[in-house]
Amino acid sequence: MAGGGFVPQVGGKNYQGGVTAFVVITCVVAAMGGLIFGYDIGVSGGVTGMPEFLRKFFPATYAKTKDTSENEYCKYDNHLLTMFTSSLYLAGLVASFFASGVTRVFGRKMSMLFGGLVFLLGAILNGAAMNLAMLIIGRLLLGVGVGFANQSVPVYLSEMAPAKIRGALNIGFQMAITIGILVAQLVNYGTAKIQGGWGWRLSLALAAVPAIMLTIGSIFLPDTPNSILERGHTEKARRMLQKIRGTDNVDEEFQDLMDATKAAKKVEHPWRNILQPRYRPQLIMCTLIPFFQQITGINVIMFYAPVLFMTLGFGQNASLMSAVITGTVNVVATLVSIYSVDRFGRRALFLEGGMQMIVCQIAIGIMIGLKFGVSGIGTLSSFDANLILFLICAYVAAFAWSWGPLGWLIPSEICPLEIRSAGQAVNVSVNMLFTFIIAQGFLSMLCHMKFGLFFFFGGFVIIMTIFIFFFLPETRNVPIEEMNRVWKAHWFWGKYIPDDAVIGATATATATATATADLNHSKYNTTVENILL
């Protein structure tokens, strides 16, 4: 395969033990952390499209929506309105750095518990909000909860799951996000019909339900063997590993965990060490993957689906129903990813999803450009509206089985223990930073760039698909304690990985892996390196 992406699984270990009901149940409970993230993503766009919510908190925007002479692209262009959505992600960005230390020192489950409690408090404040300040403070608390959950849950899932189904179990987090989005969209569709104009309060307050689920679940969850060992409880970690693997014969896997922990304890400053050349692949991936995930433009659809559909001429009920349809597609497509990720690998899903998103975004941009031009004045026929909805659904489906779940899976599984919490913090903080930027800037971008906005995001999808093709090796079925073998064997990243970083690897095995990878890619290396130079 071209570009050095494929790496043979040389020297990978098959540990004893199987998939136990215990590990599946604990991973399902932990993945509920995605519900709080997903519910908020889904609820905010529907609420900002409710007239009574706009009348109370954003009267200027409400007046613009009633002005028939206003440019359709610009009706919702209000920075305070977008701050309602984006403030959560700014708080999540800051919280992720504190969550890194809590996750490392006190364990993954304590980080999840704290996140659930703070999110619960934010949901109560939002539901009871009497003014804009109360609304924004509630959103900031929600952001702290999301920052802690997003920091701890993907790491928890990757550490608990056996290598052969790690992808499927980890994607449970993304599955919970998509379910949360769909539930929020259904709630919005129902509450918008409530007489008296208080439906938005119910939509916001019901965020307390997934927060309670995460909080209660975290109390009863066990911590991961990695985390227990990291805090010095050797025998307790062994017993937990035996329990989640369903066998007493865990000596080989436990020894690898011990080796990884010993190496991690020698690292006093994970934030300083992640900048070392030996961790360059992980740092680059933990930075660029969440950046690319957000620059796909997916949250334009997820945050502002009802607003976007109303901008395109759908009525309020039709807009909310269209959002429900895209949310349903999101859930179903994530099931495809759960089925496929450990069978066909991460790269195959990344590449197919990227190409499908490119086609859909270009087609949507062309259609909107033809119908509304730059003036923002125009109408959609029933056929046109259905076709745009179909293209948006196809785009959402592509994201949901590729960049959505894999954007969380890859960073959580590639980092060695000594930098794992720092790497996940980088992943979450970059994700939150660009989620904030896009959420804050989208409505202004739509007003100024108009239909060209879809070409803008489509261009980035082309860049990131090329990046994956050349620089991401396949990590399917590789134990996370042996992930450095994959980087060592990669045509580009191998030069950064010292031999002693490959746990349990003999010089022969490393040389064999590198030689095999070089043989597979020798005819491409010269071309790629010339491009890079």
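Loop-only trypsin sites (Lys or Arg not before Pro) in the stretch 175-275, please: DSSP not H, G, I, E or B, and at most 12 other Cβ atoms within 10 Å.
Of the trypsin sites (Lys or Arg not before Pro), the ones in loops of the stretch 175-275 whose Cβ has at most 12 other Cβ atoms within 10 Å are K193, K266.
Mind ranking 212-225, 149-162 by how tightly packed they are, going by the mean number of other C-beta atoms within 10 angstrom, highest first?
149-162, 212-225
How large is log10 I(q)/I(0) at q = 0.06, 0.09, 0.11 Å⁻¹ when the Debye formula is applied to the Cα atoms of the chain, each weighted equally and without solvent?
Debye output, listed in q order: -0.28, -0.63, -0.92.
How many angstrom separate the Cα center of the stretch 342-376 from the Cα center of the stretch 170-224?
Going from one Cα centre to the other spans 28 Å.
Given a 1.4 angstrom probe, I'd like the percentage of the accessible area of the stretch 186-251 that is carbon and sulfur, rounded to a whole number.
That share works out to 60 percent.
In degrees from 0 to 90, rounded to the nearest 10, what is the angle of the helix 403-414 Cα long axis to the longest principal axis of the chain?
Around 30 degrees separate the two axes.
Rounded to the nearest whole Å², what accessible area per residue is found for the stretch 156-313 with the 1.4 Å probe?
For the stretch 156-313, the solvent-accessible area averages 37 Å² per residue.
For R272 paired with I216, estimate the spin-label separation in nm (one decimal), with each label point 7 Å from Cα along the Cα-to-Cβ line.
4.6
How much accessible area per residue does the stretch 375-467 have, in Å², with a 1.4 Å probe?
Solvent-accessible surface per residue comes out at 28 Å².
What accessible area, in Å² to the nearest ten, does a 1.4 Å probe give for W401?
Using a 1.4 Å probe on the heavy atoms, I get roughly 50 Å².
Going by accessible area, probe 1.4 Å, with all protein chains left in place, what is the ranking of M130, M464, largest first?
The ordering from most to least exposed comes out as M130, M464.
What percentage of the solvent-accessible surface of the stretch 75-137, computed with a 1.4 Å probe over protein heavy atoms, is contributed by carbon and sulfur atoms?
It is 85 percent, rounded to a whole number.
Give me the distance in nm between label points sitting 7 Å out from Cα along the Cα-to-Cβ direction at S444 and M134, one decimal.
Once both label points are built, they end up 2.9 nm from each other.
Quick one: order I274, I194 from most to least accessible surface, probe 1.4 Å.
Heavy-atom accessible area, descending, gives I194, I274.
The values are calculated or read from the model by the stated rules, or taken from the named source; none is laboratory data. Given the structure is predicted, the values throughout are model-derived calculations rather than measurements. Positions of Cβ are generated from backbone atoms using ideal geometry, with glycine treated the same way; all protein chains shown enter the neighbour counts. For the accessible areas, the whole protein counts, side chains as well, though only heavy atoms, and no ligand, DNA or RNA atoms are used. Shrake-Rupley method; radii C 1.70, N 1.55, O 1.52, S 1.80 Å.
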